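Peer 1: Submitted below is the structure of interest, expressed as structure tokens.
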Amino acid sequence: MKLMVAGLVFIGIGLLVAGSHCKEQFAFSWLLGFMFFLSLCGGSLFLVIAHHLFDAGWSVPIRRFCEHIASLFFPWLFLLFLPIAALAKTLYSWMRENPKYMDHALKAKQPLFTMPMFYVVAAFCFFIWWLLSSRLRYWSLKQDETGAAEPTHRMRFFSAIGIFLFAITLTLAAIMWMKALEHQWFSTMYGVYYFAGSVWITLATAYVITMILDRQGVLTDVLHEHQYYFLGSLLFAFTVFYAYVTFAQYFIIWNGNMPEETFWYVLREKGTWWYIGLVIIFGHFFVPFLGLLRIDVKSVFSYMVPLCAWTWLMHYIDLSFNIMPVLHPNGFVLHWMDIGCWLFMAGFMSWRFLVEYSKHPPFPIKDPRLIEAMGYYHPVPTQISGGELDQTDNVSTAPRHTHGGSR
């Protein structure tokens, strides 16, 4: 709640400072904060889907809080989208153009880039996200009650169809709400680019939440060393994946050298945006890449937590690099309302997450792979002795998670 109040204070100061441009500044600042928290919800939904698709064992303890973050899509994130829907004409110049004089780029993207389709796409995306997140959490909680096989099968079913629906809707959201700020631009990799950044920031967030719940004793009994290691390894993998997608997009556009594509990067080389681009190259890639190369650091909390906080900063700067040059073409500006909108949304989403998380068991208590996640494995019979199976040679001796050491 304190974050929400602080956010409102910063927004109020920003309205006074912005003067006649307060409406435009608020619209872009709100969009920036919204796309940041959309990343967290989308990345959490992907982690839940991937857990079921791969029948993963290690991620069982962290699955529950990912389900709750994903469930914030509706109605809470939808409520945060309403100002964007109301200020759409302020944000998107193509909505203000006369249909008789629309340019070639806009004609090529009909009927998607029309005002009715803008709202239809938004409704479709939120409906799919609500359907997937609510059904996956519903069957997860049902699994806690019954321990039967049906909830597991149902979650796998929704994940199997959900991965395709997730890819379509997240791509549409990135295009319609962020890329559409400059409708003349063409990029076939933009959806993957936003996806890579979303999962990247979500993995860092999941690492910190796991550590906090571990320190509080909530997840300690069901955690093992490998949860932290795998989260750190995936964070490293998506650091590389994001860099690959970002560089590939830039290289293809640079190599093609077509004005309808290159203008997007030309704008982002003006003024201080050039230095922001360098910050993204070194801060978004080289710092986490080099920082996560060592295997042992992935379990050192005093090392990983600052690195995870760094990913939040870099993701915010990356989104600002995508959104804000439209409003501030001459250079980066950190406005009061940028801070205020982000703080308000952070407080609001954290509050709703804590309310939902406190209502249910903190982890899937009857998941069939929970024992495996804890580091124990069922013994496998190896020989027959005296007519009975001998299982003594295969009792797991995997080390349990304990506090101490580097943590």
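Peer 1: Sorted by packing (mean other beta-carbon atoms within 10 Å per residue), highest first, where do 284-291, 341-348, 177-184 land?
Peer 2: Details: 284-291: 17.0, 341-348: 21.8, 177-184: 20.0.
With the highest mean Cβ count within 10 Å placed first, the list reads 341-348, 177-184, 284-291.
Peer 1: I've got another one for you. On C-alpha positions alone, give me the angle between the axis of helix 22-53 and the longest principal axis of the chain, in degrees, nearest 10.
Peer 2: Helix 22-53 and the main axis of the chain meet at about 30 degrees.
Peer 1: In degrees, nearest 10, range 0 to 90: what is the angle between the Cα axis of helix 336-357 and the longest Cα principal axis of the chain?
Peer 2: Tilt relative to the chain: about 30 degrees.
Peer 1: According to the square roots a ≥ b ≥ c of the eigenvalues of the Cα gyration tensor, what is the shape class of the stretch 24-171, taking rounded for a/c under 1.5, prolate for a/b larger than b/c otherwise, and oblate for the remainder?
Peer 2: Judged from the Cα gyration tensor, the stretch 24-171 comes out prolate (a/c at least 1.5, a/b above b/c).
Peer 1: Related question: Search the structure for amide H atoms under 5 Å from the amide H of Phe332, placed 1.01 Å from N in the peptide plane, and list their residues when 5 or more places away or on another chain.
Peer 2: Thr272, Trp273
Peer 1: Mind jotting down the distance between the C-alpha centroids of the stretch 94-111 and the stretch 175-250, whole Å?
Peer 2: The stretch 175-250 and the stretch 94-111 have Cα centres spaced 34 Å from each other.
Peer 1: Multiply the residue separation of Leu112 and Leu354 by 0.36 nm, subtract the distance between their alpha-carbon atoms, and state the gained length in nm to one decimal.
Peer 2: Gain in length upon complete extension: 83.4 nm.
Peer 1: Right, another one. What order do you get for Tyr101, Tyr250, Tyr316 when you list them from fewest to most C-beta neighbours inside 10 Å? Write out the running numbers ahead of the final one.
Peer 2: Details: Tyr101 7, Tyr250 15, Tyr316 18.
If I rank by nearby Cβ atoms, fewest first, I get Tyr101, Tyr250, Tyr316.
Peer 1: Moving on. Report relative contact order for the stretch 190-283 in percent, whole number only (criteria: Cα-Cα under 8 Å, sequence separation at least 6).
Peer 2: Computed value for the stretch 190-283: 31 percent relative contact order.
Peer 1: What order do you get for 40-46, 263-269 when each peptide is scored by the mean count of other beta carbon atoms within 10 Å, highest first?
Peer 2: Packing order, densest peptide first, comes out as 40-46, 263-269.
Peer 1: I need the peptides 1-11, 128-138 ranked by packing, meaning the mean over residues of other C-beta atoms within 10 angstrom, with the highest value on top.
Peer 2: 128-138, 1-11
Peer 1: Between Val326 and Glu260, how many nm apart are label points set 7 Å from Cα along the C-beta direction?
Peer 2: With each label point 7 Å from Cα toward Cβ, the separation is 1.9 nm.
Peer 1: Karplus couplings for the stretch 169-182 from phi (6.51 cos²θ - 1.76 cosθ + 1.60, θ = phi - 60°), rounded to Hz, Gly and Pro as x?
Peer 2: Per-residue couplings from phi come out as 6, 5, 5, 4, 5, 5, 6, 6, 9, 10, 5, 5, 4, 10 Hz.
Peer 1: Test of understanding: what is the full-extension gain from Thr90 to Phe124, defined as 0.36 nm times their sequence separation minus their Cα-Cα distance?
Peer 2: Gain on stretching Thr90 to Phe124: 10.0 nm.
Peer 1: Continuing with the same structure: In percent, how large is the relative contact order of the chain, given Cα pairs closer than 8 Å and 6 or more residues apart? Intermediate values should be presented prior to the final figure.
Peer 2: Numbers: 513 pairs, mean separation 125.6, N = 407.
Computed over the chain, the figure is 31 percent.
Bear in mind these aren't lab numbers, they're just calculated from the coordinates by the rules spelled out. Predicted model, so just to flag it, every value in this text is computed and none were measured. Every residue, glycine among them, receives a Cβ derived from its backbone with ideal geometry; neighbour counts consider all protein chains shown.
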